[in-house]
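Worksheet for the structure shown next.
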Amino acid sequence: MNFEHHPANQQLPPKQASRAHQPGALAEDAGHAESTEELIVPILGAMDYAFATVGTAEPRTLAEARTCPDAEKWLEAVYTELHAHVTNGTWELTQLPPSKRVIGSWWVFKVKRKPDGSIDKYKGHVVAQGYSQIAGVHYGEVFASTAQMAAMRTVIALAAIEDLELETVDISTAFLNGDIDREIYMKIPEGLEVDVEPTPGEDPKRWVLRLLKGLYGIKQGPSIWALKLHSVLTKIGFERIDSDYSVYVYRRGNTKIIVPIHVDDLLIVSNSRDAIQKVKSDLASHFKIHNQGPTTSILGIKVEHNCPNWTISLSQPGYIESILEQFGMSECNPAHTPMEENQKLSTNMSPDTPERQSEMKAYPYRKLIGKLLYLAIAMRLDIAYTIGVLCWFVENPGMAHWLAAKHVLRYLKGTVNTKLVYSQLSSPDLFTTYSDADLSGNPDNSCSTSGFAICVGGGATQWGSRLQPHVSLSSTESEYTTASKVGCEIIWMRYLFDELGYNTTRPSPLLMDNKSAIQVLKHPKHQSTMKHVHRAYHWIREQIEQRTITVSHVPRDENPADIFTKPLGRAKFAKFRTMLGLHA
């Protein structure tokens, strides 16, 4: 097989086939959740969509790559990709057997950017058209190894509290390491030609590639890679925790290493720099790794580790600036809050005629919300409520909804460099949870909005804002049912800390501003107006009786979870934002 065009002075892959023949309810993170009919975008999908829409001149085909101003860099990426496949033994050239189905292939070109928006490297991948695969024939189980963002942020917060070392490793061409589990034939990618003389009985038109290893695009690609990585990490000595199957822990004596994984990106956190280097060395003996050294970014999030002050901050200035530029808001006037105080958006503001709906199609509402969604999930908890509201209208947005979305951009313009900061705090509690609800805040169905935040090291590591599935008859009921759901997140956090090696015998505090709801939680006899509440919500009473969770009152003006339930005024919003760890 020959590559038709290549950078000068570089040898091409051999003119032959490869020689390899060896065979988590309220949380904002839905990465591990089952798909539902609710308007939820899983974390992985939201990230892919967000990064795919960043304004860049990325070619869509190999022919376009050859004519781009930076063609040399794209073709170098193509050569690197092909060389990796030949070296790895990803495929072999063969004739398509009778009655077998072949899937297509194409090139995908992407510019990988740093958190500040500058170019990191050019990437080109041969991608199988996995959408034509048949379930049960070409693939079985499908999943990706992606640590929950709440787990990732919690580990980072612990690194700030204990002054741990953080380093990052990227597994190069990760999917190529997985062993294929089904018989799959793929069309020869553009730019490759067959240089093999057919023997009698062979049809020159039936040359295809049989996949021997995993490849980007096939349905089972992420899952077979996850299994491969799991086998290597367990061989090294890591254990996978039950509370998040994409987080691994290594304990030997006084040495502890925590590794959250997002597909092929590994964040390595430890109290020993030598232990981190040993892990990298062990990984390099199995995979080709890109050693990124001390962590400066993860998943497009800028990470700043201030060792003298024992703080770690997360920010996304480059990503925000790219959004502002793409939607023509780079020079807009800043706003002080993401939504105007007491503003109510409803479906009554949506276009009700085909003509008006057609007019609104000219506005990229869905694209903007998709990009802002990842920002709200990653670290900008201050826009979580607003984006949650705007998501209700993606199917039929009106002009009022579009203007509200642009208002978010105006707010981001004034807070581009805002950071989520974790630091060392002297607190006997591993984490603190705040819970709140806004009674009948939705103008369309009178449902209440629930909100919560879990803070570690002075900053929120987990938060959520969601419309309740039922209409509450009182503020007591809405706060009580919210507390029950938030209790699930508290229990998960306790499991996480326990598996990371921390003592969880001390009860976890839950702070609320509704005294009546607290009384119902502590003393079931005070429930004369709560008889109709479904018994499933009462499980939290057992946790309180067992001293797993303690419920305490906090004044309304001191409950930062209020930021997730309704649009607030400038002063209160700024106060709660700071209480949750966001600093300009």
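The values are calculated or read from the model by the stated rules, or taken from the named source; none is laboratory data. Model, not experiment: these values are computed from the prediction. Virtual Cβ from ideal backbone geometry, glycine too; neighbours counted across all protein chains shown.
Assorted remarks:
- Taken over segment 245-266, the criterion of being outside any strand (DSSP E or B) and within 19 Å of I171 (Cβ to Cβ) is satisfied by Y245, S246, V263, D264.
- Y216 vs. criteria among the aromatic types (F, W, Y) and in contact with a strand residue (DSSP E or B) (Cβ under 6 Å, 6 or more places away or on another chain): yes
- So S516, is it in a helix (DSSP H, G or I) and surrounded by fewer than 19 Cβ atoms within 10 Å (Cβ to Cβ): yes
- Count of residues meeting criterion [closer than 30 Å to L373 by Cβ and assigned to a strand (DSSP E or B)] in segment 267-309: 14
- Residues (part of a loop (DSSP other than H, G, I, E, B), in contact with a helix residue (DSSP H, G or I) (Cβ under 8 Å, 6 or more places away or on another chain) and more than 20 Å from L500 (Cα to Cα)) located in segment 215-244: L215, Y216, G217, I218, K219
- Of all residues making up segment 92-116, the number that are surrounded by 18 or more Cβ atoms within 10 Å (Cβ to Cβ) and basic (K, R): 1
- In the set L215, L209, only one residue is touching a Pro at 6+ places or on another chain (Cβ under 9 Å), within 27 Å of Y139 (Cα to Cα) and of a type in the set (A, V, I, L, M, F, W, C); that residue is L209.
- When segment 310-353 is limited to residues that are assigned to a loop (DSSP other than H, G, I, E, B) and β-branched (V, I, T), the one that is surrounded by the fewest Cβ atoms within 10 Å (Cβ to Cβ) turns out to be T353.
- Looking only at segment 465-512, and only at residues there that are part of a strand (DSSP E or B) and not aliphatic (A, V, I, L, M), the one that is surrounded by the most Cβ atoms within 10 Å (Cβ to Cβ): S465
- Filtered residues of segment 393-419 (kept if surrounded by fewer than 23 Cβ atoms within 10 Å (Cβ to Cβ) and over 17 Å from E340 (Cβ atoms)): V394, E395, N396, V416, N417, T418, K419
- Verdict on A160 being over 20 Å from the mean Cα position of the chain (by Cα) and either of a type in the set (G, A, S) or closer than 24 Å to F109 by Cβ (or both): yes
- Positions within segment 440-464 being within 16 Å of K485 (Cα to Cα) and either in contact with a Cys (Cβ under 6 Å, 6 or more places away or on another chain) or not in a strand (DSSP E or B) (or both), in sequence order: C447, S448
- Selection within segment 424-434 - in contact with a Phe, Trp or Tyr (Cβ under 6 Å, 6 or more places away or on another chain) and either crowded, with 21+ Cβ neighbours inside 10 Å or modelled with pLDDT of 95 or more (or both): L430
- Contact map, segment 415-438: first residue assigned to a loop (DSSP other than H, G, I, E, B), second residue aliphatic (A, V, I, L, M) and modelled with pLDDT under 95, Cβ cut-off under 8 Å, separation 6 or more or different chains; pairs are T415/A584; N417/A584; T418/A584.
- Residue count for segment 115-127, restricted to those that are touching a Lys or Arg at 6+ places or on another chain (Cβ under 9 Å) and within 30 Å of I103 (Cβ to Cβ): 5
- Enumerated strands (runs of 3 or more DSSP E) restricted to segment 84-181, each holding at least 3 residues that are within 30 Å of S243 (Cα to Cα): 165-171
- Matching residues in segment 238-255 - criterion: being of a type in the set (S, T, Y) and within 21 Å of the chain's Cα centre (by Cα): S243, Y245, S246, Y248
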